[in-house]
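Colleague: Below is the structure I would like to discuss, written out as structure tokens.
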Amino acid sequence: MKRYILMRVLKALLTIWAVYTLVFFLTRVTGDPIEWLTIAGASDSAKETLRENLGLDLPLWQQYFKSLIGLFTGDTGISYYYARPVSELFAERIGPTLSLGAIVMAVTVVVGIPLGVLAAVRHNTLLDRVTMSTAVIGSTVPNFVLGILLIFVFALKLRLLPSGNTGTPMHYIMPVIAMSVGPTASAARLTRSSLLDVIGQDYLDCARAKGMREWMVVLKHGLRNALIPVITILGAQLSAMIGGSVVVETVFAWPGIGTLLVTSAQQRDFPVVVFGVLVIAASVTFVNLLVDLSYGLLDPRIRNS
Amino acid sequence: MKKNKLLRKRWPVPPLILFLMLSFVAIVVVALLAPVLMPVDLAANDLTTRLLLPTFKDPTSEHLLGTDYLGRDVAVRLVYATRTTIEISFTGMLFATAVGTALGIVAGLCGGKVDQVISFLTDVRLSVPTTFIGIIFACILGATPLTTVVVMAITGWSSFCRLVRSQIIQLRGAKFIEASRSMGASGVRIVFEHILVNIASPLIVQITMELSGFILLESTLSFLGLGIQPPGTSLGVMVSNGRDYMLTHWWLAIAPSAVIVLLILQISLIGDWLRDKLDPKLKNAS
């Protein structure tokens, strides 16, 4: 088991390193940033000074190792546009993104899984059909369309909620809805189908025969066995959720990492984009690692093998 | 009972799905024929006819959906936007399918080190969310239609690769492949004559399921300003432009949004039906 964990951790680190290296070199092969950072007709000496300030005068491989070592010493490079350390920019904006993400994840689990259980227990009833049709529509409506609809109804027409930016708890309502409908719908669909696979099994009848109450049977014996695929998908959903956060943050002018990365991409601010992708790849890989390792907790057969 | 069976034979496709398919084909055909049906210059604008009301607000209006902030007919632009979105998503899908299938065949047939390298590449791709791959490439290559196609190929291949690989590993030991090999068929011949034919139906299901994702990706990237650039247009660009006029001219953003939702809903429902029909094993898998 220890060996397995060690191998998984090493593989995760290798993945993150590969992403960083790929993105680093891809952003450097497309020409000299100095050309689009200076105005036309800038003097050569001005260009040289800028080049030195940004560390672009070193050979490519030196830049690469310098930035790689910098990641461990806290030197993450300087943004081309803000002329400030990249880590500072991220530190300012990580709060709003993380708080939004945490609430969305909580909504997905607290609303999605119970809805799926309900639909599975009441299989083929009206409740099941209504929940599942809503879930199909919910998972097909793009989050930016949903965000715009919400702004139109609740901010522009009813004037109940602020249309953008952050500050009060009211600011969270619409971004959270726009971001969590898709993942919640997927979680509900998946919990339902995975619980339906389990619900016909003999051991549930056995638990019933023991005289357990029906809801205990479903929750304790059914849901627990249905959770492995659900957790796998929630891990994969995280990636989609982080991607979705970019869009939702843009729609609601949310001062988070997503808006920072979109504007940085439009301005070709490479140090910010490279670092941002690294942070995201690392968090996705890390969560998937936790998901893999959590199988052992949920399934004794995996734990003991 | 017998009557029932006959009826089912006459209607191999449920009416709802048939309707979805026909309406989808109709939308695609009209969108692709846009330059023939309504030839206009997308870059032309007329500020004197800015933000005219649509027919449902003002019955005397000559513009079905009104005009936008540059005085261009919204209905015509909507057809052109749909055309761009469809063209880009279909092209992207073609590349993603080709690359993914090829890598999947290689991984499945070679096994060993090659397989490990390809599965590592899948891990690397999956560790970066699709939208961010779009952001990186828009940043590197600039925001062009070609970039969006490249992004689709790069993000889309992994699911095809995984599918084809697992199918091939199941097929590899099959007797008919062994028989073909023992008669001296070359690897290439086996791939084209036996393997591709046998993995065709799950592949078609996968293509349908992924297509709605590609339409979503194209709209998202153009919405963020990282896809199609003016004067070109796509559904995402129209939503993004219409956003600024929500308070007074809500249909400018809602009409293209509705087309996006409609396309995605059509394709996903057709895809779900195809999956149940062609691949009952996958019925409960997601």
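Colleague: In contact with a Leu (Cβ under 6 Å, 6 or more places away or on another chain), under 30 Å from residue A:253 (Cα atoms) and open to solvent by less than 10 Å² (accessible area, probe 1.4 Å) - does that describe any residue in segment B:202-213?
Modeller: no
Colleague: Any residue at all in segment A:13-25 that is over 22 Å from residue A:272 (Cβ atoms) and within 14 Å of chain B (Cβ to nearest Cβ)? Steps first, answer last, please.
Modeller: Of all residues in segment A:13-25, those over 22 Å from residue A:272 (Cβ atoms) come to A:13-14.
When the remaining residues are screened for being within 14 Å of chain B (Cβ to nearest Cβ), the result is A:13-14.
Within segment A:13-25, one or more residues are over 22 Å from residue A:272 (Cβ atoms) and within 14 Å of chain B (Cβ to nearest Cβ).
Colleague: When the residues of segment B:149-177 are filtered to those that are modelled with pLDDT under 85 and open to solvent by less than 40 Å² (accessible area, probe 1.4 Å), which remaining residue is nearest to the chain's Cα centre (by Cα)?
Modeller: B:171
Colleague: When segment A:62-79 is examined, which residues are found to be closer than 12 Å to residue A:278 by Cβ and among the hydroxyl-bearing types (Ser, Thr, Tyr)?
Modeller: Step one: list which residues in segment A:62-79 are closer than 12 Å to residue A:278 by Cβ, which gives A:67-68, A:70-71, A:76-77.
Of everything in segment A:62-79, those that are closer than 12 Å to residue A:278 by Cβ and among the hydroxyl-bearing types (Ser, Thr, Tyr) turn out to be A:67, A:76.
Colleague: Could you list, in sequence order, the residues of segment A:26-41 that are facing chain B (nearest Cβ under 10 Å) and among the charged types (D, E, K, R)?
Modeller: Listed by number, the list holds a single entry, A:28.
Colleague: Taking helices (runs of 4 or more DSSP H) that fall entirely within segment A:48-138, which contain at least 2 residues that are out of contact with any His (no Cβ under 9 Å at 6 or more places or on another chain) and within 21 Å of residue A:236 (Cα to Cα)? Reasoning before the result, please.
Modeller: Working: elements: A:60-73, A:86-107, A:113-121.
So the answer is A:86-107, A:113-121.
Colleague: For segment B:244-260: of the residues being facing chain A (nearest Cβ under 7 Å) and out of contact with any Lys or Arg (no Cβ under 7 Å at 6 or more places or on another chain), which is farthest from residue B:147 (Cα to Cα)?
Modeller: If we filter segment B:244-260 for residues that are facing chain A (nearest Cβ under 7 Å), which is where we start, we get B:246-247, B:250, B:253, B:257, B:260.
The next check asks that each one be out of contact with any Lys or Arg (no Cβ under 7 Å at 6 or more places or on another chain); those that pass are B:246-247, B:250, B:257, B:260.
Numbers: B:246: 30, B:247: 33, B:250: 30, B:257: 23, B:260: 20 Å.
Taking the candidates together, the pick is B:247.
Colleague: Being without any contact (Cβ under 8 Å) to a residue 12 or more places away in the chain and under 25 Å from the mean Cα position of the chain (by Cα) narrows it down to one of A:296, A:243, A:276, so name that one. Step through it out loud before you land on a result.
Modeller: Details: A:296 fails: without any contact (Cβ under 8 Å) to a residue 12 or more places away in the chain; A:276 fails: without any contact (Cβ under 8 Å) to a residue 12 or more places away in the chain.
Being without any contact (Cβ under 8 Å) to a residue 12 or more places away in the chain and under 25 Å from the mean Cα position of the chain (by Cα) holds for just one of A:296, A:243, A:276, which is A:243.
Colleague: Would you point out which residue out of B:226, B:221 is surrounded by 14 or more Cβ atoms within 10 Å (Cβ to Cβ), part of a loop (DSSP other than H, G, I, E, B) and touching a Gly at 6+ places or on another chain (Cβ under 7 Å)? Show your work before the answer.
Modeller: On the way: B:221 fails: part of a loop (DSSP other than H, G, I, E, B).
Answer to the check: B:226.
Colleague: Find all pairs meeting these conditions: Cβ atoms under 8 angstrom apart; at least six residues apart or on different chains; first residue within segment A:257-268 and within 19 Å of residue A:98 (Cβ to Cβ) and of a type in the set (S, T, N, Q); second residue open to solvent by 10 Å² or more (accessible area, probe 1.4 Å) and modelled with pLDDT of 85 or more.
Modeller: A:259/A:93; A:259/A:250; A:259/A:253
Colleague: Tally time: how many residues in segment B:82-137 are farther than 26 Å from residue A:282 by Cβ and within 14 Å of chain A (Cβ to nearest Cβ)?
Modeller: 2
Colleague: For residues that are of a type in the set (Phe, Trp, Tyr) and either touching a helix residue (DSSP H, G or I) at 6+ places or on another chain (Cβ under 7 Å) or more than 9 Å from chain B (Cβ to nearest Cβ) (or both), scanning just segment A:123-157, find the one that is nearest to residue A:244 (Cα to Cα). I'd like the intermediate steps shown before the answer.
Modeller: We begin by selecting, within segment A:123-157, every residue of a type in the set (Phe, Trp, Tyr); these are A:144, A:152, A:154.
Add one more test, that the residue is either touching a helix residue (DSSP H, G or I) at 6+ places or on another chain (Cβ under 7 Å) or more than 9 Å from chain B (Cβ to nearest Cβ) (or both), and what stays is A:144, A:154.
On the way: A:144: 9, A:154: 21 Å.
By that ranking, first place goes to A:144.
Colleague: If you don't mind, another one. Enumerate the helices (runs of 4 or more DSSP H) found wholly within segment B:46-148, keeping only those where 1 or more residues are over 30 Å from residue A:14 (Cβ atoms), open to solvent by less than 10 Å² (accessible area, probe 1.4 Å) and touching a residue at least 60 places away in the same chain (Cβ under 8 Å). Can you show your working first?
Modeller: Numbers: elements: B:74-110, B:112-126, B:130-141.
Hits in segment B:46-148: B:74-110.
Colleague: Please work out if residue A:121 is over 28 Å from residue B:254 (Cβ atoms), open to solvent by 50 Å² or more (accessible area, probe 1.4 Å) and at pLDDT 90 or above. Break it down stepwise before answering.
Modeller: Working: over 28 Å from residue B:254 (Cβ atoms): yes; open to solvent by 50 Å² or more (accessible area, probe 1.4 Å): yes; at pLDDT 90 or above: no.
So residue A:121 fails the test.
Colleague: Out of everything in segment B:229-243 that is farther than 19 Å from residue B:262 by Cβ and more than 10 Å from chain A (Cβ to nearest Cβ), what residue ends up being least open to solvent (accessible area, probe 1.4 Å)?
Modeller: So in segment B:229-243, the residues farther than 19 Å from residue B:262 by Cβ come out as B:229-232, B:241, B:243.
From the residues that got through so far, the ones that are more than 10 Å from chain A (Cβ to nearest Cβ) too are B:229-232, B:241.
Working: B:229: 78, B:230: 102, B:231: 68, B:232: 24, B:241: 50 Å².
Result: B:232.
Colleague: Sticking with this one: The conditions are (1) surrounded by fewer than 16 Cβ atoms within 10 Å (Cβ to Cβ); (2) within 14 Å of chain B (Cβ to nearest Cβ), and residue A:212 fails exactly one of them. Which is it?
Modeller: Going through the list (1) surrounded by fewer than 16 Cβ atoms within 10 Å (Cβ to Cβ); (2) within 14 Å of chain B (Cβ to nearest Cβ), residue A:212 breaks only (2).
The values are calculated or read from the model by the stated rules, or taken from the named source; none is laboratory data. As the structure is a prediction and not an experimental result, all values here were calculated from the model. Virtual Cβ from ideal backbone geometry, glycine too; neighbours counted across all protein chains shown. Remember, those area values only see protein heavy atoms, side chains included, never the ligands or the DNA or RNA. Shrake-Rupley method; radii C 1.70, N 1.55, O 1.52, S 1.80 Å.
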